[in-house]
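Q: First, the structure itself, so that you have it in front of you.
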Amino acid sequence: MTHQTSALHIAVVDRTTWPDFEQLFTSKGAPSYCWCMAWRKADHEKKVTDRVSLKTAIAERVEAGVPIGLLGYLGSIPVAWCSVAPRSTHSRLTSDNSNDAGTWSITCFFVAKAQRGQGLGRLMLEAAVRHAMESGANVVEGYPVDPESPSYRFMGFVSTFEAAGFAECGREGKRRHVMRLQRSNDA
């Protein structure tokens, strides 16, 4: 899947775009401390915390064809990331994993510092919803926080999800709102 959204070009992270994902995640300020594995860890990976092992774990998923997310490019430079994947690939995300067939989760955003404040997070959210629906999702779920939240800000903000049509359906912990967008009947 490839989308062009204004000047932002969107691509799925797969074997061919892995080097770009790696480039973005090793850039200054990027989340290389977790390699977007916080919610994905399988039981045998729960105690894995070092960067090399986390990078290896996400690389193995990409190599196996497991969806992990999207990259946003300005020209040929990767500048944005959005984690979007089937909720079933996230073992630690919510306390309620029932009825998650057909549900995709958006769990993380990263925009390179020089490109922040330009609406790229919103564009990545729109692309993530489109990608999930094109991949068969019936529901797309996000876990954003309020702007004043001292943690989980990487999961996005409630207002951005509301503007994209998501509705709150619960809470996960003290800070994360659970927000959902259903596939429309005409989709």
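The values are calculated or read from the model by the stated rules, or taken from the named source; none is laboratory data. Since this is a predicted model, take the numbers as computed values, not measurements. Methodologically, a virtual Cβ is constructed for each residue, glycine included, from the backbone with ideal geometry; neighbour enumeration extends over all protein chains shown.
Q: From the list Trp35, Trp18, exactly one residue is surrounded by 14 or more Cβ atoms within 10 Å (Cβ to Cβ), of a type in the set (Phe, Trp, Tyr), over 20 Å from Ala132 (Cβ atoms) and without any contact (Cβ under 8 Å) to a residue 40 or more places away in the chain. Which is it?
A: None of the other options fit; the residue is Trp35.
Q: I need a count of the residues in the range 168-187 that are part of a loop (DSSP other than H, G, I, E, B) and surrounded by 15 or more Cβ atoms within 10 Å (Cβ to Cβ).
A: So the first thing to find is which residues in the range 168-187 are part of a loop (DSSP other than H, G, I, E, B), and the list is 173-175, 183-187.
With the extra rule that they be surrounded by 15 or more Cβ atoms within 10 Å (Cβ to Cβ), the set shrinks to 175, 183.
Counting residues in the range 168-187 that are part of a loop (DSSP other than H, G, I, E, B) and surrounded by 15 or more Cβ atoms within 10 Å (Cβ to Cβ) gives 2.
Q: Working carefully through the options Val62, Val66, find the one that is outside any helix (DSSP H, G or I), more than 21 Å from Tyr152 (Cα to Cα) and β-branched (Val, Ile, Thr).
A: Result of the check over Val62, Val66: Val66.
Q: Looking at the range 47-58, is at least one residue at pLDDT below 95 and part of a strand (DSSP E or B)?
A: For the range 47-58, residues at pLDDT below 95 and part of a strand (DSSP E or B): absent.
Q: Determine whether Pro78 is touching a helix residue (DSSP H, G or I) at 6+ places or on another chain (Cβ under 8 Å) and of a type outside the set (Asp, Glu).
A: So Pro78 fits the description; yes.
Q: Among the residues of the range 63-74, are any touching a residue at least 60 places away in the same chain (Cβ under 8 Å), touching an Asp or Glu at 6+ places or on another chain (Cβ under 7 Å) and closer than 19 Å to Leu125 by Cβ?
A: Yes: the range 63-74 contains one or more residues that are touching a residue at least 60 places away in the same chain (Cβ under 8 Å), touching an Asp or Glu at 6+ places or on another chain (Cβ under 7 Å) and closer than 19 Å to Leu125 by Cβ.
Q: Then there is this: Would you point out which residue out of Ala137, Ala132, Ala101, Ala128 is assigned to a loop (DSSP other than H, G, I, E, B), without any contact (Cβ under 8 Å) to a residue 60 or more places away in the chain, of a type in the set (Gly, Ala, Ser) and surrounded by 16 or more Cβ atoms within 10 Å (Cβ to Cβ)?
A: On the way: Ala132 fails: assigned to a loop (DSSP other than H, G, I, E, B); Ala101 fails: surrounded by 16 or more Cβ atoms within 10 Å (Cβ to Cβ); Ala128 fails: assigned to a loop (DSSP other than H, G, I, E, B).
Of the residues listed, the single one that is assigned to a loop (DSSP other than H, G, I, E, B), without any contact (Cβ under 8 Å) to a residue 60 or more places away in the chain, of a type in the set (Gly, Ala, Ser) and surrounded by 16 or more Cβ atoms within 10 Å (Cβ to Cβ) is Ala137.
Q: In the range 140-163, how many residues are touching a residue at least 24 places away in the same chain (Cβ under 8 Å) and either of a type in the set (Phe, Trp, Tyr) or in contact with a Pro (Cβ under 8 Å, 6 or more places away or on another chain) (or both)?
A: Summing the residues that are touching a residue at least 24 places away in the same chain (Cβ under 8 Å) and either of a type in the set (Phe, Trp, Tyr) or in contact with a Pro (Cβ under 8 Å, 6 or more places away or on another chain) (or both) in the range 140-163 gives 7.
Q: Now a separate question. I need the full set of residues from the range 140-167 which are surrounded by 14 or more Cβ atoms within 10 Å (Cβ to Cβ) and either acidic (Asp, Glu) or outside any loop (DSSP other than H, G, I, E, B) (or both), in order please.
A: Val140, Glu141, Gly142, Val145, Arg153, Phe154, Met155, Phe157, Val158, Thr160, Phe161, Glu162
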